[in-house]
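Down below is the structure, laid out as structure tokens.
We did not get these values from a lab; they are worked out from the coordinates using the rules stated. As the structure is a prediction and not an experimental result, all values here were calculated from the model. Positions of Cβ are backbone-derived with ideal geometry, glycine not excepted, and every protein chain shown enters the neighbour counts.
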Amino acid sequence: MPVHFEGEVRINKINMGPYDNNGYIVICPETNEGIIIDTPAEPEKLLNEIGDVKIGHILITHNHQDHLLGFDEITSGVGVPVGIGTNDASALPRPPELNLNDGDVIKFGNREMQVLATPGHTDGAVCLLVGKHLFSGDTLFPGGPGKTRSSEALQQIIGSITSKLLTLPDDTAVYPGHGSDTTIGDARREYQAFASRQHPSELSGDVTWST
């Protein structure tokens, strides 16, 4: 298995599909129970990495199609409850078993994964936190927030990031829905530089903290 981190949890990070998506398997090392995060294209890559892990849930960070291109294959191959943010649930290929709301806790083995509602990229976007490991979907990337469709959505995602994510410890690792990892400490420093500057009121889209 491509073990990305091993400690209080074991994290397998699988690069999937044509959009540089990350799928994750997060595992309690004491019980070998785990959670799948997101279902991108090339589902066989993720399915092949499950091995003997006892998957209890599949959690979707948000409802954009690049995170769902392997949904049917992964959900039928594993056959466990699926969860997604309440305001994103209508876009799933089928109704979820769990509507994820802020503060919800999903248990796996001796570990707990907390749901943080972080709207902005989509209305129902969530991040998932276990210990000092944050799975940020498309809410937070190295160097900036996820893409936004309007200036109002940009302000919403910035509000989500500052109120829910930048309040976490600096050494919290951030595992986004695409590309490389970052940390909350790096994100906080980058955001503070962004916030110190003036920006056009209509700013949105692919914004970086260096804008």
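Considering only residues in the range 10-35 that are over 16 Å from H67 (Cβ atoms) and touching a Pro at 6+ places or on another chain (Cβ under 7 Å), the one that is surrounded by the most Cβ atoms within 10 Å (Cβ to Cβ) turns out to be N12.
Right, D181: of a type outside the set (A, V, I, L, M, F, W, C), touching a helix residue (DSSP H, G or I) at 6+ places or on another chain (Cβ under 8 Å) and closer than 27 Å to Q114 by Cα or not? Answer is no for this residue.
Report whether or not D170 is surrounded by 17 or more Cβ atoms within 10 Å (Cβ to Cβ) and of a type in the set (D, E, K, R). It is false that D170 is surrounded by 17 or more Cβ atoms within 10 Å (Cβ to Cβ) and of a type in the set (D, E, K, R).
Only a single item in (1) of a type outside the set (D, E); (2) more than 24 Å from I14 (Cβ to Cβ); (3) surrounded by fewer than 16 Cβ atoms within 10 Å (Cβ to Cβ) is not met by G51, and it is number (2). Scanning the range 54-74 for residues that are surrounded by fewer than 17 Cβ atoms within 10 Å (Cβ to Cβ) and over 17 Å from I35 (Cβ atoms) yields Q65, D72, E73. Going by the structure shown, is F5 surrounded by fewer than 18 Cβ atoms within 10 Å (Cβ to Cβ) and either touching an Asp or Glu at 6+ places or on another chain (Cβ under 7 Å) or over 18 Å from F141 (Cα atoms) (or both)? Considered against the rule, which asks whether it is surrounded by fewer than 18 Cβ atoms within 10 Å (Cβ to Cβ) and either touching an Asp or Glu at 6+ places or on another chain (Cβ under 7 Å) or over 18 Å from F141 (Cα atoms) (or both), F5 comes out as yes.
For G77, the requirement of being crowded, with 20+ Cβ neighbours inside 10 Å and either of a type outside the set (K, R) or more than 17 Å from the chain's Cα centre (by Cα) (or both) is not met. When T118, T86, T122 are checked against the criterion of being over 13 Å from I58 (Cα atoms), touching a Cys at 6+ places or on another chain (Cβ under 6 Å), surrounded by 15 or more Cβ atoms within 10 Å (Cβ to Cβ) and among the polar types (S, T, N, Q), T118 stands alone in meeting it.
Residue count for the range 127-142 satisfying the condition of being surrounded by fewer than 24 Cβ atoms within 10 Å (Cβ to Cβ), part of a loop (DSSP other than H, G, I, E, B) and in contact with a Leu (Cβ under 9 Å, 6 or more places away or on another chain): 1. The listed residues are P142, P169, P96, P200, and the only one of them that is of a type outside the set (G, A, S) and closer than 29 Å to G79 by Cα turns out to be P96.
Being farther than 23 Å from N22 by Cβ, outside any loop (DSSP other than H, G, I, E, B) and of a type in the set (S, T, N, Q) narrows it down to one residue among Q192, Q198; which is it? Being farther than 23 Å from N22 by Cβ, outside any loop (DSSP other than H, G, I, E, B) and of a type in the set (S, T, N, Q) holds for just one of Q192, Q198, which is Q192.
Selection of first residues in the range 28-47 that are touching a residue at least 40 places away in the same chain (Cβ under 8 Å) and in a loop (DSSP other than H, G, I, E, B) and of second residues that are surrounded by fewer than 16 Cβ atoms within 10 Å (Cβ to Cβ) and of a type in the set (K, R), restricted to Cβ pairs under 7 Å at least 6 apart or on distinct chains, gives the following pairs, ordered by first then second residue: N32/K54. None of G124, G120, G103 is more than 21 Å from W209 (Cβ to Cβ), within 14 Å of the chain's Cα centre (by Cα) and not in a strand (DSSP E or B) except G124.
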